Amino acid sequence: MSVSDQELKEFRTEVSAWMQENNPADPGFLLPQTFMEVGDERQLEFLREWQYKVWAAGYLGMAWPREYGGGGLDTVFQSVADQEMRRHGVPICFNVIGLGWAGPLINDIGTEQEKAKYLKGILTAEDIWCQGFSEPDNGSDLGNAQTRAVRDGDEYVLNGQKIWTTMGNFARYMILLARTNTETARKYDGLSYFLSPMEVPGIETRPIRKITGEFGFTETFFTDARIPADCLMGEEGQGWRIAMQTLQYERGAEAGAAGGLAMVRVTVDDMIAQLDGVQRDGEPLLRDPVVRDQLVQAIMEEKALALGDKRAQVAPLTTDYPGSLPLSHKLRATEMTRRMRQLAIGLQGAEGGLYVGDAEARQGGFWQRAYFNSFSATIGGGTSQVQANIVAEHILGLPK
């Protein structure tokens, strides 16, 4: 059923009023800028309550099936709700691995039992999800994952280690890639995919402190941990295919996310606003022609990203390189974000060397913290180097 412009206009007004009325006050402690910085119980409970409130109001999971906690509406309504969340600067919906990766995957290929068991808890934030893909000894070679899952009757026994497990210490479930067969000719064919519980004996997490001083990532250790055999998604040996589908959601090349804000979004306009009052050689910085040129370049790149997203939705405009815009979006967007935040710090002059906690830091050190945090997005979901290879091989047809 098509949605009229009038319906969307009225809905936008409704959402805007709700966000304005319900946007929570400053809690008095530092909130995460992204879902990768949830480091303590105060932050967790604040964000859990906020996500539940957004869902209960009907503004999260709007396109997911009603029978599993969603709204059963056209995706355009969620897009409007997300736009209003961003415009009103509300907190993030932190359960991103569930909302954006595990949930869409289960919606698309999960059994009815899996949908009934997992989807609503993702939306309400009762069930936090984490991801068990990366391993310390294999870097970006995900296909060489060595964590073992050995079938033993009605259970699988897990042994191994994962790293960069975002919110692993808070999670109830993990999307887990593990090796069930070591004898296959192709390493990829020995991998299987699990919707694994985290609260079982033999699974231990250890927080990792980041350069910002914050936590959010963990290492996860599996030592003879037993999980039910029905945690296997699909069949044994299908893990690589399912993992690649998961990464399509993570990289933004597939739709289906429940919505909400995954991170505090800042624009070039926000950067320009924070530079008001900065002087260089006794003159306003924003009058400097070199600085103005740098800002115009940033504006152009930001606008190009936005227009590219719109173009990707119009099939006749992408026939030259089908899929190129979604597949390259993660690379383009994360690198642009990093460069823009680096520019924001550089243009602060000597103040750019200050950080959170320094009394003279601009906006409390927001941009410095944002810059350091931006690196995690250039690594997660495939590093920028891996993403460049994907673009080269799968879009441009260049040799490996």
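All of the numbers you see were taken from the coordinates with simple rules; none came from a lab. What you see is a predicted model; the values in this text were computed from it and never measured. Counting neighbours? That spans all protein chains shown, and the Cβs are built from the backbone with ideal geometry, glycine included.
Simple spin-label estimate for GLU219 and ALA56 gives 4.0 nm between the two label positions (7 Å along the Cα-to-Cβ direction from each Cα). Charge tally around LEU325: other residues with Cβ under 10 Å, Lys/Arg +1 each, Asp/Glu -1 each, net +2. This model, with +1 at the C-beta of Lys and Arg and -1 at the C-beta of Asp and Glu, gives the chain a dipole about its Cα centre of some 600 debye.
Segment GLU204..TYR355, full-extension length gain: 51.1 nm, with 0.36 nm per residue of separation and the alpha-carbon distance subtracted.
Judged by the mean number of other Cβ atoms found within 10 Å, the most tightly packed of the peptides 269-278, 149-158, 362-371 leads the ranking 362-371, 149-158, 269-278.
When shorter helices are ignored and each DSSP H run of at least 4 residues is given -39500 (n - 2.57), the per-residue value for the chain at 222 nm works out to -12500 deg cm²/dmol. Among rounded, prolate and oblate, which fits region 206-262 when a ≥ b ≥ c are the square roots of the eigenvalues of its C-alpha gyration tensor, a/c under 1.5 means rounded, and a/b larger than b/c means prolate? Oblate is the answer for region 206-262, as a/c is 1.5 or above yet b/c matches or exceeds a/b.
Counting only residues at least eight positions apart within a chain, or on another chain, the aspartates and glutamates with an alpha carbon under 15 Å from that of LYS310 are GLU254, GLU301, GLU302. Stokes-Einstein, applied to the Kirkwood radius of region 268-395 over Cα pairs at a viscosity of 1.567 mPa s and 4 °C, places its translational diffusion at 79 µm² s⁻¹.
Counting only residues at least eight positions apart within a chain, or on another chain, the aspartates and glutamates with an alpha carbon under 17 Å from that of LYS162 are GLU135, ASP137, ASP141, GLU199, GLU204, GLU219, ASP224. Looking at the square roots a ≥ b ≥ c of the eigenvalues of the Cα gyration tensor of region 5-127, which shape do they give, rounded for a/c under 1.5, prolate if a/b is larger than b/c, or oblate? Note, shape of region 5-127 comes out oblate. Charge tally for ASP230 (other residues, Cβ to Cβ under 15 Å; Lys, Arg +1; Asp, Glu -1): -3. Distance between the C-alpha centres of region 340-400 and region 262-318: 15 Å, rounded to the whole angstrom. The packing ranking, built from the mean of other Cβ atoms within 10 Å per residue, places the peptides 162-174, 40-52 in the order 162-174, 40-52, highest first.
Subtracting the Cα-Cα distance of GLN146 and PHE29 from their residue separation scaled by 0.36 nm leaves 38.2 nm.
Relative contact order of the chain, taken over Cα pairs closer than 8 Å and 6 or more residues apart, is 14 percent. Rounded, prolate or oblate: which fits region 167-224, taking a ≥ b ≥ c as square roots of the Cα gyration tensor eigenvalues, rounded meaning a/c under 1.5, else prolate when a/b beats b/c? Prolate, since a/c reaches 1.5 and a/b exceeds b/c.
Computed from label points 7 Å out along Cα-Cβ, the spacing between ASP230 and ARG186 is 3.1 nm.
In this structure the amide hydrogen of MET233, modeled in the peptide plane, comes within under 5 Å of the amide hydrogens of TYR193, PHE194, LEU195, none closer than 5 places in sequence on its chain. Region 13-42 and region 57-106 have Cα centres spaced 16 Å apart.
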